[in-house]
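In what follows, a single structure is set out as structure tokens and then discussed.
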Amino acid sequence: MPSPLRGLVVAVLTTLALASAPPAGALTQAPGRSSGPAAAGPVVIGHRGASGYRPEHTLAAYELAARMGADFIEPDLVTTSDGVLVARHEPEIGGTTDVAARPEFAERRTTKTIDGVAYEGWFAEDFTLAELRTLRATERIPEIRQENTLYDSRYRVPTFDEVLALRERLSHELGREIGVYPETKNPSYFASIGHPLEPALVEEIERAGLNRPDAPVFVQSFETQNLRALRGQLQVGLIQLLDATGAPADLAVAGDPRRYADLVTPQGLADIATYADGIGPDKDLVIGRNASGVLGEPTALVTDAHAVGLLVHPYTFRNENRFLPAQFRSRGGEAEYGDAFAEYEAFLRAGVDGVFTDNPDTAVAARAALLEPVG
Ligand code: G3P
Ligand code: CA
């Protein structure tokens, strides 16, 4: 296995066993890695940090995720005009910073087509790092996460370098390895405008001393070709992200007819296993919902992925009603918390090897509840 994941094979085998016949008390504690995050059982990945509690992709969000018990922190990566990797979910930065309120950048507002979709706003690649650092992060979904707006304009947009430094500092302080789980965002788009993400990504992982098989690192992408290329440059784990609909942008550009639905077949998964160590599927691919939003029974995806040695880390788990399966929503509005524990339980019992979550503390508690049931 060309990755840091030999230790996690044990966890995979454990979760395979859980997937076959897992009554609550039967969940056993996986040994975790021989190195890297000493996670007990499936790993908890702080999605954009602890973004349920702080504006996403800020050092404060990442730090809180680690302190809440997350095994990994997840920066999505885009680039500045001077080639510095920074943590944002998409090239357009108007939805998560105060750039719209900065008159000095008003003329940078523009429209760009990315992966076939037109976006209007301000774009990271049109700002130098020095310019971007004058901006402040803001909450993406204030209508759902009003409490997070308390922290609007308190934090800068972090560089990937800063995230790696935070990871190292917190690993020492907390006495356990905090992993980092970077995602290359829109890699074909960035390559097409002369700003490929991969050279800087590889360089920074190398410089941090993390380009080794036992490093607590996974690199993820919704595209396929950049992961195949990175396989030759990185010894860390690689994760093929899988959307519930559509097709990888690189395949579409190349005229390859394959869609994500083709990648999740046993044949598609066997192909992914030639270059990646796991998949990061939309959680609906693991357990689907009906037209009313009610969670059904697990699909064959976990079993099929495990059969070819792939880890399964679905996204994204969140506490609020808006995001929960219908049967787990509370009576309040979309921003109210529902029974997130019930959703985690369904997926952990389905045998997943980790979860991307906006609420790492809830995921850690849900995992503990199954691994170490009270009484
Ligand atoms: O990377 C896993 C998950 O984060 C993918 O979704 O859109 O939040 O990056 P997104
Ligand atoms: Ca992501």
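The values are calculated or read from the model by the stated rules, or taken from the named source; none is laboratory data. The shown structure was predicted, so the numbers you read here are calculated from the model rather than taken from an experiment. All Cβ positions, glycine included, derive from the backbone under ideal geometry; neighbour counts span all protein chains shown. Just so you know, the surface numbers come from the protein's heavy atoms only, side chains and all, with ligands and any DNA or RNA stripped out. Shrake-Rupley method; radii C 1.70, N 1.55, O 1.52, S 1.80 Å.
Using the Stokes-Einstein relation with a Kirkwood hydrodynamic radius computed over Cα pairs, the translational diffusion coefficient of segment 297-362 at 10 °C and a viscosity of 1.306 mPa s comes to 126 µm²/s.
The modelled label-to-label distance for the pair R322/L150, using points 7 Å beyond Cα in the direction of Cβ, is 1.9 nm. Per residue, the solvent-accessible area of the chain (1.4 Å probe, heavy atoms of protein chains only, all protein chains present) comes to 39 Å².
The modelled label-to-label distance for the pair Q267/V253, using points 7 Å beyond Cα in the direction of Cβ, is 2.6 nm. Full extension of the segment from R331 to T128, taken as 0.36 nm per residue of separation minus the current Cα-Cα distance, would add 68.4 nm.
Note on the chain: dipole from Cβ charges, positive end direction compared against T110, T299, T159; the farthest Cα belongs to T299. By DSSP, the beta bridges lying fully in the chain are antiparallel in about 35 percent of cases. Note on the chain: GNM, Cα springs under 10 Å; of L238, L310, L251, the largest mean-square fluctuation is that of L251.
What FRET efficiency do you get for R109 and E372 if R0 is 30 Å and r is their Cβ-Cβ distance, rounded to the nearest 0.05? Numbers along the way, then the final one.
Numbers: r = 52 Å, r/R0 = 1.73.
Result of the calculation: an efficiency of 0.05.
Using a Gaussian network for the chain with springs between C-alpha atoms less than 10 Å apart, which of these wobbles most: E345, E177, E74? Result for the chain, Cα springs under 10 Å: E345 fluctuates most.
About its Cα centre, the dipole of segment 133-196 is roughly 140 debye, where the only charges are +1 on Lys and Arg Cβ and -1 on Asp and Glu Cβ. Cβ under 10 Å from L59's Cβ, L59 left aside: what net charge do those residues give with Lys, Arg +1 and Asp, Glu -1? For residues surrounding L59, the net value is 0. The alpha carbon gyration tensor of the chain gives principal lengths a ≥ b ≥ c with a/c below 1.5, which makes the shape rounded. Highest mean first, the peptides 316-323, 99-106 sorted by other C-beta atoms within 10 Å per residue fall in the order 316-323, 99-106. Over the chain, what percent of the accessible surface lies on carbon and sulfur atoms, probe 1.4 Å? Carbon and sulfur together cover 53 percent of it. Computed about the Cα centre, the dipole magnitude for the chain is approximately 500 debye when only Lys and Arg (+1) and Asp and Glu (-1) carry charge, each at its Cβ. Placing unit charges on the Cβ atoms of the charged side chains and taking the dipole of the chain about its Cα centre, the candidate lying farthest along the positive direction among A350, P199, F323 is A350. Give the residues of segment 61-88 whose amide nitrogen is closer than 11 Å to a point set 7 Å from the Cα of L174 in the direction of its Cβ. Backbone N within reach: 62-74. Shown are T111, T79, whose ranking by accessible area with a 1.4 Å probe and every protein chain present, most to least, is T111, T79. Considering only P187, N226, S171, and ranking their Cα positions along the charge dipole of segment 142-235 that arises from unit charges at the beta-carbon of Lys, Arg, Asp and Glu, the one farthest toward the positive end is N226. Once you put a point 7 Å from the Cα of A101 and another 7 Å from the Cα of T299, both along the Cβ direction, what distance in nm separates them? Each label point is offset 7 Å from its Cα along the Cβ direction, giving 4.1 nm.
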